[in-house]
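The values are calculated or read from the model by the stated rules, or taken from the named source; none is laboratory data. If you're wondering where the values come from, they're calculated on a predicted model, not measured in any experiment. Here the Cβ positions follow ideal geometry from the backbone for every residue, glycine too, while neighbour counts run over all protein chains shown.
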Amino acid sequence: MSLQTSIRTVDRWIDAHQKDLVDLTCRLVNIDTTVPPGRNYPRVAQLIVGELKLLGITPSVSYIPEATIRRKADPELGLNGPRPNVTASLKGAGEGPKILLNGHMDVVPAQPTGWSSDPFKATTKNGKIYGRGSADMKGSDAAIIYSLKALVETGVHFNGSITPTFTTDEEVGGYTGVNHFIDKHVITKDIDYCLSPDTNIEAIDVASLGDSEFLITVHGKSAHSGRGWTGINAIEHASSLIEKLKKLGVEVGRRRSKIPAEPVFGNKWMRPGLYVTMVKGGIKGNIIPDSCDILVDRRFIPEENAAQVERELVKTVREFSRDTELKTSMKLVTGYTPMKTSPNHPLVKVVRRVAKRVLGQDVPPRGSQGSTDVAQVSSLGIPVVIIGASRSDSNIHGVDEHVRITDLVSVTKIFAHSYLELLNGHVH
Ligand SMILES: [Zn+2]
């Protein structure tokens, strides 16, 4: 069978199984896997294991030891419960490249108020599936599974191997299933290509921002507010630190990467940022507060690195401590490394060509203004490309999150075609 025939064959199979793809997406959405804390992971893992078994392969489930979570994920993240991570290996006819696939099983919380229907009961309307995680990224998880089914069920030829992984805690970071699989040597340097659908279909992500979240605590001294001058008001002092952080944020926000960014208003190149995103202090109205917590979210471009970013922030906090003679403490709560794959890498070229064929339009490589756990894979030197089923109007992390069924079908095809092109010796 020629490559062209194989492609036509899997396309026909995928079109004929659209209803099953939708059904699996709905079943995944219906399991509430909100993180924090990480609900129902064993249930969703079991569902995925069942689907992978239908491919005639033997999936394995690897639990992150509780002690590891306690050691590596800050308690601030609020993680709780078992953390199963699923993997399997689909082998082709002969020797060939290794492809790694990744999808995360968790979703961000959803407050039911504001939603047109229950966020954890998937509903289909006008060609769209609504529900928390439909777009980020359970629809894309289902697409991974159906792209593999298309290969197995049609019996098309391919070499090498494909390793799907379904992992925990992408939405909070700290110590994700991807970290676990790297530590367990499921994800190793000898992998040739990594594909993830954890993004939208309008571009190919070849880069992403690094992210470091720091918790800064300003320490004061409590006092009865009637004798307020005898205390040291941590909140009032923290406000002047916030002013300094805002200034640093302006300076950081002027920097640009050399990598073109996703089309966000007013932005051509990937852009870093530093933002105060949470403040917590005080316990009662008549007590001078003795501490105030400031959370700083620092997004950084691939040209910066985590150590550099931390040093820069430490400098500002130290200056504040010195000027005010106040004690401060600072810790890294969670973070992601930035991702970078050369836009000229053969993997990028293949996926771009394939996506153009499936979608009928060019999807250019670009840098995402988000951060992702698969960046960890890219830091092993493995080329990573991300293209998934959501769109900029899918409202991910918002109310009435949805995914278009046509996009689910397209992503399934883009993945299946990519395997065929990459695993048949047709890479140019
Ligand atoms: Zn996601």
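What to note about this one:
- Residues of the stretch 386-418 that are under 22 Å from MET339 (Cα atoms) and away from the ligand (no atom under 15 Å from the Cβ): ILE414, PHE415, SER418.
- Residue under evaluation SER6, criteria (1) surrounded by fewer than 19 Cβ atoms within 10 Å (Cβ to Cβ); (2) modelled with pLDDT of 95 or more; (3) of a type in the set (Gly, Ala, Ser), criterion not met: (1)
- Taking strands (runs of 3 or more DSSP E) as the structural unit, those lying wholly within the stretch 313-425 and holding at least 2 residues that are surrounded by fewer than 21 Cβ atoms within 10 Å (Cβ to Cβ) and basic (Lys, Arg) correspond to 327-336.
- In summary, strands (runs of 3 or more DSSP E) completely within the stretch 78-172 and bearing 2 or more residues that are in contact (Cβ under 8 Å) with a residue 12 or more places away in the chain and within 16 Å of the ligand (Cβ to nearest atom) occur at 98-104, 161-167.
- Residue within the stretch 228-242 that is buried (at least 18 other Cβ atoms within 10 Å of the Cβ), more than 20 Å from the chain's Cα centre (by Cα), of a type in the set (Ser, Thr, Tyr) and at pLDDT 95 or above present: no
- Residue list for the stretch 297-310, restricted to those being in a strand (DSSP E or B) and buried (at least 20 other Cβ atoms within 10 Å of the Cβ): ARG298, ARG299, PHE300
- Restricting the stretch 173-191 to residues that are among the β-branched types (Val, Ile, Thr) and away from the ligand (no atom under 16 Å from the Cβ), the residue that is nearest to ASP15 (Cα to Cα): ILE191
- If you go through the stretch 300-327 and pick out every residue that is touching a residue at least 40 places away in the same chain (Cβ under 8 Å) and within 15 Å of LEU248 (Cβ to Cβ), you end up with 10.
- Applying the set (1) in the same structural domain as LYS284 (by TED's automatic domain parsing); (2) part of a strand (DSSP E or B) to CYS194 leaves exactly one unmet item: (1).
- Failed condition for LEU77, given (1) at pLDDT 95 or above; (2) more than 23 Å from SER147 (Cα to Cα); (3) under 18 Å from the mean Cα position of the chain (by Cα); (4) not aromatic (Phe, Trp, Tyr): (1)
- When the stretch 274-296 is filtered for residues that are closer than 26 Å to ASN200 by Cβ and surrounded by 17 or more Cβ atoms within 10 Å (Cβ to Cβ), only LEU274 remains.
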